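Chemist: Handing you a structure now.
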Amino acid sequence: MKQITVPVLAAIAKALSGATVRWVDCEPDTCQRIYFANHTSHLDALVLWSSLPRNIRSLTRPVAAVDYWQGGPVRRYMASVFDLLMIDRKKIKVHNSPIDMMIREIGNTNSLIVFPEGGRNTTGEIGEFKSGLFHLAKKRPDLELMPVYIDNLNRVMPKGEFLPVPLLSCISIGAPIFLESGENKKEFLKKARESVMNLKETE
Amino acid sequence: MVKSLVKGLIKQSLLVHLQPKSNVLNHLTSLANWPEILAIVAPQQAKLLDKWTIVLVLIVLVSLTILLFIGQMLKRQPESHVDPAIIRNFNKRVISWLTICALLVVALLLHKTVTVVLFGFVSFWALREFITMTPTRRGDHRTLFWVLFGFTPLQYVLVGFDLYSIFSIMIPVYASLFIPARIAFTGDHKRFLERTAKIQFGLLICVYALSHAPALLNLDLVTLNPSSGQLEQWTGSTAGLLFFFIVMVQISDMLHFVWDRLFGKHVIAATVNATKTWEGLVGSACCTSVAAMLIQSVLPVTPFTWYGAGFMALLISVMASSGSMTMSAIKRDRRVKDHGTLVLGHAGVLDRIDSLCFAAPIFFHVTRFFLHAENRFGKSVVETVAQLLGSV
């Protein structure tokens, strides 16, 4: 069942978003990566995930909020199809931090898709990044942190809408960034946010 | 369709056996005359494609293929001989023309409905590109949904069912009033007129204008009998008319390009498009007109007289040039104003059909005005002109 649903959903996502994928100063690779992107639409994770090459797609898991994806049978089914890594936004505790869980889940093979803004923004601006990305980079310095800028998807399906308007969107994936030695949390998050914003400008 | 064709061929071969008197040679010649076989097995197809249309289609496809080969050969030449940018442009155009023609021929061979649906998809894609190119606000979302999934398919359904009285006003009247009202209901009044106008324009150009091309297939036309000087029912195929129109637009585009490169001196508006010149506009219009007269004299695919075909081609060419100038202006405006919001490489279809969009409604309406079976005034104009020309 999953073998049919996954390609079908990926094809629908591609058709709806008409996404072109640009790899700016980097190449697709199966090494362990964290794709971090701006979050503007429900479709973000799905479209970004389906725009990856198939062999990478199978290794990559989007990180998602459990409170949204447990709501209703369709969402639950989708979550299982995409092998979502569920994070409970409301019950973040010291002994069970989502960062530890992510690191445990990806092991030495999987990659992740994260949206460090925490939620979808409605203005089109990129919000401040939450600190999770910094902690991930600190605990696993070997991971490649790939900035991703998703353009136009907020117009395809804005927050609060349920009918898509199939405009053409563009996904730009940029060169990886790393946590430099001596870099503090604020500096690193600013750098990460700028790396995403820079992709908006490059043409 | 294939099945019925095979059945027809079997029927034909059976006839050979059933009629021992007729010799095989006779049947071979009748086989060569396959539009007539089509008329037996599938009357609709026969009406869509007549002999002359098939000849024209073949000539166009063969010459495009030859152009394709020339382009590929030129690509291998050392760069000092030819400008690689021009070759790339040339090759891109030839490939897109070949694709358009091939798709159209396949669609026409299958069924009229397939052709209408094909144009519908092209419209949908072009409108998608157009809206992507223009900024809209959150409040426009539901309007855009209705425009893309409501009005666009509906327009082509109306064309498919030949409901001229509705399809010719559906978008200018109903859609253009619906759009501002629906946006007003969302309560977002910022840049209201601008947003409304953009969506209306996109719908008008990409959907309404282009839908007049497949609508040509529905026309019931008269033609001038050269010997009697009277108008009579035209028995040719409207698919030929559609194909003639598309070929004329392409020839006009190509000649415009050639004239600009070879003789272009006076640029029309450098701020809009730096390559389009007055020489190109006039030269391509005249040459297209001559080409149309030649085609019509050799292969009578349209109901026009030879001078009528020349006049229509002149009109097509001027409209085609206007279309590409307009689209250049829109793109220039977007790039200058909102650099960075434009999704790159995403106006491929729109780029190819801008000239078609502008020429289609004019070609449709002028043809309909003068040669439609029910339009008395237009017909009397044609007869008067024919008499005047005849007396000279």
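The values are calculated or read from the model by the stated rules, or taken from the named source; none is laboratory data. None of the values given here were measured: they were computed from a predicted structure. Note: ideal-geometry Cβ built from the backbone for every residue, glycine included; neighbour counts use all protein chains shown.
Chemist: Only residues that are aromatic (Phe, Trp, Tyr) and within 11 Å of the chain's Cα centre (by Cα): list them for the stretch A:103-148, please.
Modeler: First pass over the stretch A:103-148, keeping only residues aromatic (Phe, Trp, Tyr): A:115, A:129, A:134.
Correct list: A:PHE115 only.
Chemist: Looking only at residues that are assigned to a loop (DSSP other than H, G, I, E, B) and surrounded by fewer than 21 Cβ atoms within 10 Å (Cβ to Cβ) in the stretch A:167-178, which one is farthest from the other protein chains (Cβ to nearest Cβ)?
Modeler: Residue satisfying both the conditions and the ranking: A:PHE178.
Chemist: Also: In the stretch B:123-157, which residues are of a type in the set (Val, Ile, Thr) and either in contact with a strand residue (DSSP E or B) (Cβ under 6 Å, 6 or more places away or on another chain) or touching a residue at least 40 places away in the same chain (Cβ under 8 Å) (or both)? It would help to see each step written out before you state the result.
Modeler: Filtering the stretch B:123-157 down to residues of a type in the set (Val, Ile, Thr) leaves B:131-132, B:134, B:136, B:143, B:147, B:152, B:157.
Answer for the stretch B:123-157, where residues must be of a type in the set (Val, Ile, Thr) and either in contact with a strand residue (DSSP E or B) (Cβ under 6 Å, 6 or more places away or on another chain) or touching a residue at least 40 places away in the same chain (Cβ under 8 Å) (or both): B:ILE131, B:THR132, B:THR134, B:THR136, B:THR143, B:VAL147, B:THR152.
For (1) closer than 22 Å to B:HIS365 by Cα; (2) touching a helix residue (DSSP H, G or I) at 6+ places or on another chain (Cβ under 9 Å); (3) acidic (Asp, Glu); (4) in a loop (DSSP other than H, G, I, E, B), each residue gets a yes or a no:
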residue	(1), (2), (3), (4)
B:PHE178	no, yes, no, no
B:ASP188	no, yes, yes, yes
B:THR196	no, yes, no, no
B:ILE199	no, yes, no, no
B:TYR208	yes, yes, no, no
B:SER211	yes, yes, no, no
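Chemist: Quick check: is even one residue across the stretch A:184-200 assigned to a loop (DSSP other than H, G, I, E, B), in contact (Cβ under 8 Å) with a residue 60 or more places away in the chain and either within 14 Å of chain B (Cβ to nearest Cβ) or closer than 20 Å to A:ARG61 by Cα (or both)?
Modeler: Within the stretch A:184-200, the subset assigned to a loop (DSSP other than H, G, I, E, B) is A:184.
Pick out the ones that are also in contact (Cβ under 8 Å) with a residue 60 or more places away in the chain and you get none.
Checking the stretch A:184-200: not a single residue is assigned to a loop (DSSP other than H, G, I, E, B), in contact (Cβ under 8 Å) with a residue 60 or more places away in the chain and either within 14 Å of chain B (Cβ to nearest Cβ) or closer than 20 Å to A:ARG61 by Cα (or both).
Chemist: Now, a different point. What's the number of the condition B:PHE121 fails, among (1) within 14 Å of chain A (Cβ to nearest Cβ); (2) more than 22 Å from B:PHE244 (Cα to Cα); (3) modelled with pLDDT of 90 or more; (4) surrounded by fewer than 19 Cβ atoms within 10 Å (Cβ to Cβ)?
Modeler: (2)
Chemist: Quick test of your reading of the structure: A:PRO164 fulfils all but one of (1) touching a helix residue (DSSP H, G or I) at 6+ places or on another chain (Cβ under 8 Å); (2) more than 14 Å from chain B (Cβ to nearest Cβ); (3) at pLDDT 85 or above. Name the failing condition by number.
Modeler: Just one mismatch for A:PRO164, condition (2).
Chemist: Taking the condition of being surrounded by fewer than 21 Cβ atoms within 10 Å (Cβ to Cβ) and within 14 Å of chain A (Cβ to nearest Cβ), how many residues in the stretch B:152-186 meet it?
Modeler: 3
Chemist: A further question follows. Within the stretch A:128-146, does at least one residue satisfy the condition of being under 30 Å from A:GLY107 (Cα atoms), crowded, with 17+ Cβ neighbours inside 10 Å and in contact with a His (Cβ under 7 Å, 6 or more places away or on another chain)?
Modeler: Taking every residue of the stretch A:128-146 in turn, none turns out to be under 30 Å from A:GLY107 (Cα atoms), crowded, with 17+ Cβ neighbours inside 10 Å and in contact with a His (Cβ under 7 Å, 6 or more places away or on another chain).
Chemist: Mind checking which pairs have a first residue in the stretch B:372-392 that is under 22 Å from B:THR238 (Cα atoms) and a second that is among the charged types (D, E, K, R), Cβ under 9 Å, 6 or more apart or different chains?
Modeler: B:HIS372/B:ASP220; B:HIS372/B:LYS379; B:ALA373/B:ASP220; B:ALA373/B:LYS379; B:GLU374/B:ASP220; B:ASN375/B:ARG368; B:GLY378/B:ARG368
Chemist: Sticking with this one: Every residue in the stretch A:144-159 that is within 14 Å of another protein chain (Cβ to nearest Cβ) and over 21 Å from A:ALA15 (Cα atoms), please.
Modeler: Our first condition is that a residue be within 14 Å of another protein chain (Cβ to nearest Cβ); within the stretch A:144-159, this holds for A:149-159.
Hits for the stretch A:144-159: nothing passes.
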